[in-house]
Amino acid sequence: MSKGTGAVLAIGIFVVTALLLVIGTIWPVPTAVYFAGGEKGTTLHSASTPEDAINNLGAEIKLYEWQKAYDSLANKAEFTEPQFYHDITGYFESLRTFATLDSVDIQPLHQTDSDAEMSVTLHWFTVLGPFEDTRDVHVVRQGDRWAIDWPIVKEQHVPPQVIAVNYLRWDVIYRGPGDDWGTQNVQGPNVRIVDMHPVNRAEGTFVMGELLNQDVVPAWVSVRATLIGKNGAPIASAGTFDMIDHTLLPKQVTPFLIRFPNVDLSQVGSIRMDPQAELVSASADPVIEVQNQKFNPEGAASLSGQVSNQSGQVVNFAHVLSTFYDNNGQLIWVDGQYMDRALLPQIPVNFNIPVPVDLAKKIGSEHTIVATYSTGGSYL
Amino acid sequence: MVAAVVHLPLLIAELPLKSYDTNFHIFFASHYVHHWFNPWNTKWFAGFSQTTYPPLAQQWVAILSWILGLNLAYMAVQFAAILLLAWGMYRFASLWVHPRAASLASLATVVLASESFLIYNAGQLATTAAAPLYLLALPYLYEWLRFGGGRDFIKALVLFTTAGAVHHATLIFGSMFFALPVLALAFMDRDREESSAAGVWARAIGITIAVGIAIGLVLLPFWIGLFRYPVTQTPIPHQSRASYILTPFWGINYFLVPYGAMILLLPFIIIRGAVVPRLRPLMLGFWVCFLVGLGGTTPVGLWLLRRAYYVLTYERFSYWATLLALPIVGLLISDLLARYRRRAAIAITILAAISFSVAVAWTNYRPTDDFAFNTDAVAEWLNRDGHYDYRYLTLGFGNKLSRLAIQTTASSVDGESNSSRMLPELTKYGGAALTSAKYFGKGGLESLRAMLRDADTYGLKWVIVRDPYYDPLLHFTGWRQVDELDYGAVTIWAKDGVPPAAPVNQALIPPHWQGLMWGTLPVGSSILAILIALIPDQRRRRMSEDEEDAAVMPISQQNTVSGRMVS
């Protein structure tokens, strides 16, 4: 009797355990889905629809399972796995190299029984913030599953050449290797805010402006703004963070933008601006040229164009900063975009900076600069 | 002796220093060394209260460090926990199985893979120190429930309270997985003793209330903090919540390694536990704990724990599950030895050795950190030229963050104790320590960006980087490299215009009376536990005689007798 009950109990436990494992595998809990590759699905889904095929690829990329992702492609014979990998992560160190895929959006464009066109947006997150990579993807049926024709962007090559470098460079000799920043006992370069304009938006108050280095030496700059209430008490204080080019060569101007989320401009009586500047070593190289700049006011307004690296060195990270003016030359907006690929010598890369729709019609002109950071690699 | 032979060399070699949390516990202990009655620690999170974590294990490390130094003191406390586990398991297993099986269960704790995994890979001193105290308390609970002896009540009360002062989670979840089976056992055995059900219930309620009051008092500053500042921070991803089937690597890490050869016995644990009526509560406790320990592999953890599921980690549930299984494992081993003698002994020894070795060595196959990285130069830099007037942040230091905090007088905005964090930049985004921000994806990086944005607020002037991954972020957000250490392996970045660090979180500083309580009651409860262990236990001696009588019976006959007891 007891052994019979025990046997039933044991069998019951085995069955329930097996059921729980099946449930947990087919309908995984959110944490299991997260670690298995994403919010929208797992690698276990068969690619029975074009959307499934794309979601599976997204999950595999998210898990860094490059071989699985490559093997799932319909057109893998057209390129190698390393080419596919570098198309996703960048051929040179860049924002893409250490990016994490956050999510995938799929927009069907056209579909038949045998193939489909999809607009796929990969939402990446990086140490410098998010970026998106949108590609039109062709998906084809192969028997009872769908597979992707990956629209690979192959590495671009620069023709062999010699590039003379004759740009200015300033070096600073410190007291010694242990010298600390800010204790140089050297007067900081002379910088001046040449324009400042607060604006009230739904997200809060934005303080934007332009900073000029009017000295003859380079400066490492930042700007801090303190909002003062109408009663004379400080409301909030914030700095430019990354919405400025921190390295200013002599006579160079940088735009800046300071955000005060959840602060209404109507509460503000005055704004105290505090520009800071330190003497630093700097070079005019690399020079980044902005080409084919065009403002598109219609629809989702944006400023598009290309940036081109005029030096012989790879620029790994670039931040495009644009200043927008109205027809009277008054500054009305500042925004920026990080380039997700490294800037190779002489090869233009597209940029596109969205502009708030309500400001688009007021914009009469714009000015774009590029802040850069290189890890020291050269183009081989 | 076996425990000493097996673990002492590993502990003297300070192997646990390679684990995730060992440095964290030593850091807390280092604060108690200097500020026994002041739990406010300014070295992390711009100031935080150590009353956010039960203190007893760390306080004992602090006490022993006056003789052994911090590292060896930690090893000594860990070794004491290993010895206590063998003792506790014998006493706990004796409730369920005959003494020979209990002895084998006790011996098995020495090479238990889940225990080794927690000691040498996870560094969970509190969990591994609380569990044996809890196991030691359970037989007194059983005897109190059945016989109502005042001495058993006092001993159970003191040991439960001491276990809670080491690790509150063990007490809370231990009640579910360990104490409920013991309660059920007391009911099952009650018929034989002609004790009324109402009496058992009354005694169960009585001791629950008493332990609740005692733990409430001993850890009062902890509960006050929890009540005033409940855990509302965004959950931090932890791989033990993965599905071990969908992501097999985490299955190896959190299932294969901690269970080791015990996986082969899982069906037999269920079968034996189901067939022998007296083992059923224990087996059911094991089964539920086992399912919860599978993390996201099944929905059980989420169903049972609700929101707490997203806060807890599940390697400790696997540890508890193996402890619950050990009495039955001892029984199975006893059977195997009786039937196959030397062949069984050789096979079991080999399997145990492999399980133990893999669990110990796992930290080498999957290192938690770069053990070779030495933070001396960084500490020396922070401790000179007034650098300590500002706060600092490390990036890419892993759990060396705690080691550095022990060495420097400077204050950081970061830290490793997730439950101690109050700064909104740290609690809002779902990242753990900023030093490892990139491993926590979007949440970790958002948290880091928020902290850098608010650098002026906290007097955060120095960012010390050991991972160039973060260099672009620092460059574009206004930080500038000003120095380098270890021939460029570590770079120091600074921000201009940052004011010197000023005290923050002042409202969170515990009042002096809480510091006094924190410095006396937890450690006082442990001293009391040591003293009551010296009091002779008449009833236990009588039970041991009974068990000796049972032990000479054939195993099959014992099962029959056990079955008859409840039928």
- Task: Go ahead and collect, in residue order, the members of the stretch B:254-295 whose backbone nitrogen is under 13 Å from a label point 7 Å along the Cα-Cβ direction of B:TRP303.
- Result: B:288-289, B:291-292
- Degrees between helix B:22-34 axis and first principal axis of chain B (Cα, 0 to 90, nearest 10): 80
- Using helices alone, what [θ] at 222 nm do you get for the protein assembly as shown, with -39,500 (n - 2.57) per DSSP H run of 4 or more residues, divided over all residues and rounded to the nearest 500? -13500 deg cm²/dmol
- Message: Taking the number of other C-beta atoms within 10 Å as the exposure measure, put B:TRP223, B:TRP96 in order starting with the fewest.
- Response: B:TRP223, B:TRP96
- Using a/c under 1.5 as the rounded threshold, could you call the stretch B:376-504 rounded, prolate or oblate? The axes a ≥ b ≥ c are square roots of the C-alpha gyration tensor eigenvalues, and prolate needs a/b larger than b/c, oblate otherwise. rounded
- Task: Measure off 7 Å from each Cα along the Cα-to-Cβ vector at B:ILE205 and A:SER304, then give the distance between these two points in nanometres to one decimal.
- Result: 7.6
- Query: Hey, if you put +1 on the Cβ of every Lys and Arg and -1 on every Asp and Glu Cβ in the protein assembly as shown, which of A:VAL127, B:GLY216, B:TYR53 ends up farthest toward the positive end of that dipole?
  - Reply: B:GLY216
- Message: Rounded to whole Å, give me the distance from the Cα center of the stretch B:352-412 to that of the stretch B:134-185.
- Response: 37
- Message: I'd like the antiparallel share, as a percent to the nearest 5, of DSSP beta bridges with both residues in the protein assembly as shown.
- Response: 95
- Out of residues 5 or more away from A:ILE332 or on other chains, whose amide H comes under 5 Å of its own, with H placed 1.01 Å from N in the peptide plane? A:PHE324, A:TYR325, A:ASP326
- Give the order of B:TYR310, B:TYR32 when sorted by the count of other beta carbons within 10 angstrom, beginning with the fewest. B:TYR310, B:TYR32
- Cα→Cβ-extended label distance, 7 Å offset, between A:THR375 and B:THR234, nm: 2.6
- Mean separation of Cα contacts under 8 Å (at least 6 apart) over the residue count of the stretch A:285-373, i.e. the relative contact order in percent, is 36
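Hydropathy at least -1.0 by Kyte-Doolittle, axial extent at least 27 angstrom from the Cα trace: which helices of chain A, defined as entire DSSP H runs, fit? Before the final figure, lay out the partial values.
Working: long enough: A:2-26 (36 Å, 1.99).
Sorted by number, the helices that extend far enough and score high enough are A:2-26.
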- On a 0 to 90° scale, report how tilted helix B:280-293 is relative to the longest principal axis of chain B, with both axes built from alpha carbons and the result rounded to the nearest 10. 20
- Query: If you add up the charges near B:TRP44, with Lys and Arg at +1 and Asp and Glu at -1, over every other residue whose beta carbon is less than 11 angstrom from its beta carbon, what do you get?
  - Reply: +1
- Message: Counting each pair of different Cα atoms once, what's the Kirkwood radius of chain B in Å, rounded to one decimal?
- Response: 24.9
- Please report how far the C-alpha centroid of the stretch B:80-117 lies from that of the stretch A:263-301, rounded to the nearest whole angstrom. 67
- Sorted by chain and number, the residues with a modelled amide H under 5 Å from that of B:VAL490, at a separation of 5 or more or across chains, are B:LEU485
- Computed about the Cα centre, the charge dipole of the protein assembly as shown from +1 Lys/Arg and -1 Asp/Glu charges at the Cβ has a magnitude in debye, to the nearest 20, of 3680
- Query: How large is the charge dipole for the stretch B:376-504, taken about the Cα centre, if only the Cβ atoms of Lys, Arg (+1) and Asp, Glu (-1) carry charge, to the nearest 20 debye?
  - Reply: 400
- Relative contact order of the stretch B:376-504: what whole-number percent is it, with Cα pairs under 8 angstrom and at least 6 residues apart? 26
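Could you compute the FRET efficiency for B:SER419 and A:THR112, with r as their C-beta to C-beta distance and R0 at 51 Å, rounded to 0.05? Please report the intermediate quantities before stating the final value.
Numbers: r = 56 Å, r/R0 = 1.09.
That gives a FRET efficiency of 0.35.
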- Query: Quick one: helix B:538-551 against the long Cα principal axis of chain B, what's the angle to the nearest 10°, folded into 0 to 90?
  - Reply: 60
- Listed residues A:ILE23, A:GLY336, A:VAL186: farthest to the positive end of the dipole of chain A (Cβ charges): A:VAL186
- Task: Kindly state, to the nearest 0.05, the FRET efficiency for B:ARG343 paired with B:PHE147, given R0 = 51 Å and r defined as their beta-carbon distance.
- Result: 0.75
- In the Gaussian network model of chain A, springs joining C-alpha atoms below 10 Å, which of A:GLY143, A:GLY239, A:GLY37 carries the largest mean-square fluctuation? A:GLY143
- Note on the structure: If R0 = 60 Å, then A:LYS230 and B:SER175, at their Cβ-Cβ distance, give a FRET efficiency to the nearest 0.05 of 0.55
- the protein assembly as shown: C-alpha pair distances exceeding 44 Å, %: 42
- Nitroxide proxy distance, nm - points 7 Å out along Cα→Cβ at A:GLN187 and A:ASP149: 6.8
- Note on the structure: For the protein assembly as shown, whose charge dipole is built from +1 on Lys and Arg Cβ atoms and -1 on Asp and Glu Cβ atoms, the candidate among A:GLY209, A:TYR167, B:ILE252 with its Cα farthest towards the positive end is B:ILE252
- Query: In this model, which of B:LYS18/B:LYS461; A:LYS154/A:LYS294; B:LYS400/B:LYS495; A:LYS68/B:LYS400; A:LYS68/B:LYS18 are farther than 28 Å apart at the alpha-carbon?
  - Reply: B:LYS18/B:LYS461; A:LYS68/B:LYS400; A:LYS68/B:LYS18
- Query: Fewest first, what order do B:MET262, A:MET208 take by the number of other Cβ atoms within 10 Å?
  - Reply: B:MET262, A:MET208
- Query: In debye to the nearest 20, how big a dipole does the stretch A:236-380 give about its Cα centre with +1 on each Lys and Arg Cβ and -1 on each Asp and Glu Cβ?
  - Reply: 100
- Mean separation of Cα contacts under 8 Å (at least 6 apart) over the residue count of chain A, i.e. the relative contact order in percent, is 12
- Message: How charged is the neighbourhood of A:GLN111? Take every other residue with its Cβ under 11 Å from the Cβ of A:GLN111, and add Lys/Arg as +1 and Asp/Glu as -1.
- Response: -3
- Item | Amide N proximity, the stretch B:498-529 versus B:LEU217 label position 7 Å along Cα-to-Cβ, cut-off under 12 Å | B:521-522, B:525
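Throughout, read-outs are computed from the coordinates displayed, never taken from laboratory work. No experiment lies behind these values; they were computed from the predicted model shown. Ideal geometry is used to build each Cβ from the backbone, glycine not excepted, and the neighbour counts take in all protein chains shown.
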